[in-house]
Amino acid sequence: MSFPNLYYKRATATAKACYICYKPTTVVLATIDTSDFLYTCTIHLADHGFATRVLEPESENKIGVSLEEIAKVREEWEKKQKQKKEKEKEKEKEKADKDKTADEDEKKDDGKSDKSPKVPGSLPTSGSSTPKPTHEKYVLHRDIFALRVSEHRRRRQTSQAKDLAPRLPGAPSSSLS
Ligand SMILES: [Zn+2]
C-alpha cells in the first residue's frame, strides 16, 4: 500500500502532539483516504522545510495558461458538475417516489420529532475565524514524506510478522535428539 504526497488540512476535536515539535495541536494533515495522517502545529504547517501548501489556480498559471482560459475551463467544469448534480437529483427523486409509500408511516413520526426544543445560541458562531471549511492541500517535504513512507513500511512489516508468527514452527525441540 502506498499513498500520494498530497495531504489535506483537517481539524480534530482533541489536540495531539505535533509530528515535529510535539506541541499540542488540533490540526491534522491527512491523505485523501486517511491512509496516512500526522498532527502538525500551525508553525510547522507554514514551515517549507516540513510542508508546502498547494495553491491551485496560481500553480496552473505558471505553466502559461491565461486566467481567461482557466475561467473558461472552470465554467465548463461547473456546468458539467451542475448537469451531473441535476441528473443525480432526478435519480434520487425517482428513488424517493418509489420509497414514498413505504415511508409514509415514518413521516408522521418525523413531524413529532421536529417539535423537539431547539436550544438557541448553542452553535459556536464566534471564535472560528474560518466559517467555511477550506480543505487546504499540502505537499510534505520529500524528506518528511520519505520518513512517513518508511514508517508505514515498518509498521506493515511488523504487523505481517505478527500475522506470520503463529504459523512459524517453534524453536527446534530437543525431544528429537
Ligand atoms: Zn510543530
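Every number in this text was worked out from the coordinates using simple rules, so none of it is lab data. It should be emphasised that the depicted structure is a prediction, and the values quoted were computed from it without experimental measurement. Backbone-built Cβ (ideal geometry, glycine too); neighbour counts: all protein chains shown.
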*Is segment 3-52 best put as rounded, prolate or oblate by its Cα gyration tensor, with a ≥ b ≥ c the root eigenvalues, rounded for a/c under 1.5, and otherwise prolate when a/b is larger than b/c, oblate when not?*
oblate
*Of the cross-linked pairs LYS137/LYS162; LYS82/LYS137; LYS98/LYS137; LYS9/LYS79, which ones have a Cα-Cα span greater than 30 Å in the structure shown?*
LYS137/LYS162; LYS98/LYS137
*Once the piece of chain linking GLU90 and ALA71 is laid out straight, how much longer is it, given 0.36 nm per residue of separation minus the C-alpha distance between them?*
4.0 nm
*Formal net charge of residues neighbouring HIS48 (Cβ-Cβ distance under 14 Å; K, R +1; D, E -1)*: 0
*Cβ-derived FRET efficiency at R0 41 Å, ASP97 paired with GLN157, nearest 0.05*: 0.20
